[in-house]
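The values are calculated or read from the model by the stated rules, or taken from the named source; none is laboratory data. Note that the coordinates shown come from a computational prediction; the quantities given were computed from them, not determined experimentally. Counting neighbours? That spans all protein chains shown, and the Cβs are built from the backbone with ideal geometry, glycine included. Each accessible area value is taken on the protein alone, full model and side chains, heavy atoms only, with ligands, DNA and RNA left out. Shrake-Rupley method; radii C 1.70, N 1.55, O 1.52, S 1.80 Å.
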Amino acid sequence: MKTILLLLCSFTTFAQIPTQEEEEKQSSFDYYLANPLNINLVTEAELQSSLLFSSEQITDFLAFRKQIGTFQSILELQTIPSWDLDFLRRTQDYLIFSPINPSWWKPSSSLHQILFKTDWTAETKKGFTEPDVRSKVRYVGDRTNQTLRYRGQLNANLRIGFLLQKDAGEKDLSDFSSGFMEFKSKGFLEKIILGDFINQWGQGLVQSGGFALGKSFESIKATQKFNLGGLAYSSSVEYGYYRGINTTLKITEFLRMQAFASYRNLDATTGSDSTGNKYLRSRVEDGFHRTSSEISHIDAMQEKTAGANLIYSPLRFPLVIQFNAVLTEWSLPKLVGLGYKQPEWSGKALKNYSVNFQYPVRNIRLVGEFAYSDNQQFSILQSGATSISKKMDLSYLFRSYSAGYFSPKSNGLSENSENLNEIGLFLGHGYQLSKRVKLSSYFDYYRFPGPKYQVNESNTSGWEILSRLQFEKRKAMRLFIQGKWTRKEAKDLIQASLDGHYIALKSWDFHFRAMASNLGSEIGYLLLQDIKWDQGKWNLQARFAYIDSPSYDTRLYAYEPGVPYSFLLPAYSGKAIKTNLVIAFQYNREIQLAAKWARISYSDRTEIGSGLDLINGDTKTDITLQLLYKMH
């Protein structure tokens, strides 16, 4: 297996990307299916971050829109040079057309969408059984997960949405609720969001909510984030967002300002000192409220946040500079950590500042961000990307995160789960060998100056190499072979993948994947076969997967087909067979019905899960039903 990987890496210089890149892109596509881009108001940053368009297509689109002013029909897109009919067919579900309406409160080309989804596990988990002598704790609600979501586009200017959601074991559908109202225009008040929102600023060292690609063989997209500003939020993920008001002001053609204020109740575990004063033990971000213990964490802490940024982009100079500031205040103090956590931030109030820039030098796009927290800790991220020729791309990203740096919403590229205690260099490379064949690679070196979780030594280091050779025959076949070698804490994890798509007679799509993972003496395998049939109102997907992985250390990830607008990327380990069947039926223009059946059968255990999620048996069956109603 090491030989395969070395052969792949020998064809190219080092670069960056994760093995789950295709699945991560699928998550982005699902987001834009639910939140289509309005062609009259979409920004360059939104087009770039969507992962749907090439640089040439974005440039041509913006130039064409600038020339005509506003689109009067989505059919006008086919006159853009790089937007052919085949591309438009593939992207039409991600785009909407709404004319600019001077009366923002009046409906125009309205689109309303209501989705209800419920799913459950057929086998009975311990949490839903009667209490016994050994354990009396049980879940307070029924076994179903439920989601009710509404999104409405009243016109090009006004969008609203809300969500109600419960997890299995929780009492009712209103356990978690989220909502927003968003107004956009081309005037002084460019955007205002009331309700729930996230921010994506600069390179993500102070504010980076929502989806982030991470390491990727598409090295330019992996090393360069795009400032999207404030974004409305209605995800079922119960943490990582703000609740309040978010505004963007267009002061001049070259100066914009964004400001926000938020107040939220947060789930947390707390403690009390010898004087009876409460303090924060940990933030609880799983969103579960199924037992009396979990319910006691609800709204245990309050968070007040306010922030602003100023974006300067001179008209005659291709430079963008952004100044950011955020103040966060918690109702409970975070105490000084012990052991490896001792350098981390402590207290109740935190101020974060950063400066980030974008500047093209010839055909090299340079970006960077310098961030500082008021406990005198800092983080730096600087990257560059260029196309040396029509065939070759190069990119790099350098990062240095202090051990005590902290921002609650940071998410810059990192090997750690948080942007702290790390120095790293990422190098990316892509080469178009021919019209249909491309070789992409990355190399990422990282060092941890201080001790970390389960590592007592200082100055430990590691690296990651990935290389992918891909072949694509348009409308017929896609194939890639990939190798990845990760070294961390003197352990070598080696992974290899072979993946192929074959499209037959326009209605049938066959997909297979073979994956292997090696750590020490352990070797894990995953083999899967998908068949997809799409004919008129009916869409069917079926999967058969064989899993053989000795432990969780050699687990393997693969995107799992689901009902529309859902995303699942499970970790597979153990020895098992998993089968899936997904059926979607478009009853009429307004109504779509969908269902999913998934079963995993283990041959190496008689129990699945642990704690209150324990199932006595070797099979687990999940069932999903979904109703989608669209009103145009």
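Only one of these is open to solvent by less than 70 Å² (accessible area, probe 1.4 Å), within 17 Å of GLN529 (Cα to Cα), of a type in the set (Lys, Arg) and in contact (Cβ under 8 Å) with a residue 24 or more places away in the chain: ARG468, ARG513. Name it. Let's see the steps before the verdict.
Numbers: ARG468 fails: within 17 Å of GLN529 (Cα to Cα).
Exactly one of ARG468, ARG513 is open to solvent by less than 70 Å² (accessible area, probe 1.4 Å), within 17 Å of GLN529 (Cα to Cα), of a type in the set (Lys, Arg) and in contact (Cβ under 8 Å) with a residue 24 or more places away in the chain, namely ARG513.
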*Would you point out the residue of region 320-342, among those that are modelled with pLDDT under 95, under 29 Å from the mean Cα position of the chain (by Cα) and open to solvent by 50 Å² or more (accessible area, probe 1.4 Å), that is farthest from GLY230 (Cα to Cα)?*
TYR340
*Please work out which one of (1) assigned to a strand (DSSP E or B); (2) farther than 20 Å from GLY240 by Cβ is the condition GLY179 fails and give its number.*
(2)
*Among (1) open to solvent by less than 70 Å² (accessible area, probe 1.4 Å); (2) closer than 21 Å to ARG468 by Cβ, which single condition is PRO561 missing?*
(2)
*Just for region 218-239: of the residues that are open to solvent by 20 Å² or more (accessible area, probe 1.4 Å) and assigned to a helix (DSSP H, G or I), which one is farthest from GLN432 (Cα to Cα)?*
LYS221
*Can ASP30 be described as under 25 Å from GLY229 (Cβ atoms), at pLDDT below 70 and crowded, with 16+ Cβ neighbours inside 10 Å?*
yes
*So, in region 387-438, of the ones that are among the polar types (S, T, N, Q) and closer than 26 Å to GLU472 by Cβ, which residue ends up surrounded by the most Cβ atoms within 10 Å (Cβ to Cβ)?*
SER395
_If I filter region 60-68 for residues that are at pLDDT below 80 and crowded, with 16+ Cβ neighbours inside 10 Å, do I get at least one hit?_
yes
*Please enumerate the residues belonging to region 343-370 that are surrounded by fewer than 16 Cβ atoms within 10 Å (Cβ to Cβ), touching a Leu at 6+ places or on another chain (Cβ under 8 Å) and within 25 Å of LYS221 (Cα to Cα).*
TYR359, PRO360
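Across region 121-139, what is the number of residues that are surrounded by 15 or more Cβ atoms within 10 Å (Cβ to Cβ) and out of contact with any Leu (no Cβ under 9 Å at 6 or more places or on another chain)? Quick ask: steps written out before the conclusion?
First, pick out the residues of region 121-139 that are surrounded by 15 or more Cβ atoms within 10 Å (Cβ to Cβ): 121, 123, 125-128, 138-139.
Subset that is out of contact with any Leu (no Cβ under 9 Å at 6 or more places or on another chain): 121, 123.
Selection size over region 121-139: 2.
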*Elements of type strands (runs of 3 or more DSSP E) in region 531-632, at least 3 residues being of a type in the set (Val, Ile, Thr) and on the phi < 0 side of the Ramachandran plot*: 574-586, 619-631
_What are the pairs with Cβ atoms under 7 angstrom where one residue, in region 297-314, is outside any loop (DSSP other than H, G, I, E, B) and the other, located anywhere, is among the basic types (Lys, Arg)? Sequence gap at least six, or different chains._
GLU303/ARG264; ILE311/ARG256
*Output the number of the condition that TRP83 fails; it satisfies all remaining conditions of (1) closer than 21 Å to ASN157 by Cβ; (2) touching a helix residue (DSSP H, G or I) at 6+ places or on another chain (Cβ under 7 Å); (3) modelled with pLDDT of 80 or more; (4) crowded, with 17+ Cβ neighbours inside 10 Å.*
(1)
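For region 232-244, indicate whether the set of residues that are within 17 Å of TRP201 (Cβ to Cβ) and either without any contact (Cβ under 8 Å) to a residue 12 or more places away in the chain or polar (S, T, N, Q) (or both) is non-empty.
Looking through region 232-244, none of the residues is within 17 Å of TRP201 (Cβ to Cβ) and either without any contact (Cβ under 8 Å) to a residue 12 or more places away in the chain or polar (S, T, N, Q) (or both).
Within region 499-507, does at least one residue satisfy the condition of being more than 23 Å from the chain's Cα centre (by Cα) and buried (at least 20 other Cβ atoms within 10 Å of the Cβ)?
First, the residues of region 499-507 that are more than 23 Å from the chain's Cα centre (by Cα): 500-507.
Right, trim to buried (at least 20 other Cβ atoms within 10 Å of the Cβ) and you get none.
Taking every residue of region 499-507 in turn, none turns out to be more than 23 Å from the chain's Cα centre (by Cα) and buried (at least 20 other Cβ atoms within 10 Å of the Cβ).
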*Collect the residues in region 602-629 that are surrounded by fewer than 15 Cβ atoms within 10 Å (Cβ to Cβ) and among the polar types (S, T, N, Q), keeping them in residue-number order.*
SER603, THR606, SER610, ASN616, THR619
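Taking the criterion of being over 26 Å from SER235 (Cβ atoms), at pLDDT below 85 and more than 29 Å from the chain's Cα centre (by Cα), would at least one residue in region 108-125 satisfy it? Outline the logic, then answer.
Step one: filter region 108-125 for residues over 26 Å from SER235 (Cβ atoms), giving 108, 122-124.
So of that shortlist, the ones also at pLDDT below 85 come out as 108.
Next, from what is left, pick out any that are more than 29 Å from the chain's Cα centre (by Cα): 108.
Yes, region 108-125 contains a residue that is over 26 Å from SER235 (Cβ atoms), at pLDDT below 85 and more than 29 Å from the chain's Cα centre (by Cα).
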*Could you list, in sequence order, all residues of region 371-386 that are hydrophobic (A, V, I, L, M, F, W, C) and open to solvent by less than 10 Å² (accessible area, probe 1.4 Å)?*
ALA371, LEU381, ALA385
*Selected residue (only one of ARG365, ARG290 is assigned to a strand (DSSP E or B) and over 30 Å from GLY404 (Cβ atoms))*: ARG365
*Starting from region 566-584, keep only residues that are free of Cβ contacts under 8 Å to residues at least 12 places away in the same chain, then list their pairs with residues that are open to solvent by 40 Å² or more (accessible area, probe 1.4 Å) and part of a loop (DSSP other than H, G, I, E, B) whose Cβ atoms are within a distance under 9 Å, requiring at least 6 positions of separation or different chains.*
LEU568/TYR559
*Residues within region 200-217 that are open to solvent by 10 Å² or more (accessible area, probe 1.4 Å), modelled with pLDDT of 75 or more and under 20 Å from LEU469 (Cα atoms), tallied*: 1
*Identify, please: which residue in region 519-538 is of a type outside the set (D, E, K, R) and open to solvent by less than 30 Å² (accessible area, probe 1.4 Å) and is, among those, nearest to THR486 (Cα to Cα)?*
GLY524
*Name the single residue, out of those in region 240-269 being of a type in the set (Ser, Thr, Tyr) and surrounded by 15 or more Cβ atoms within 10 Å (Cβ to Cβ), that is nearest to the chain's Cα centre (by Cα).*
TYR241
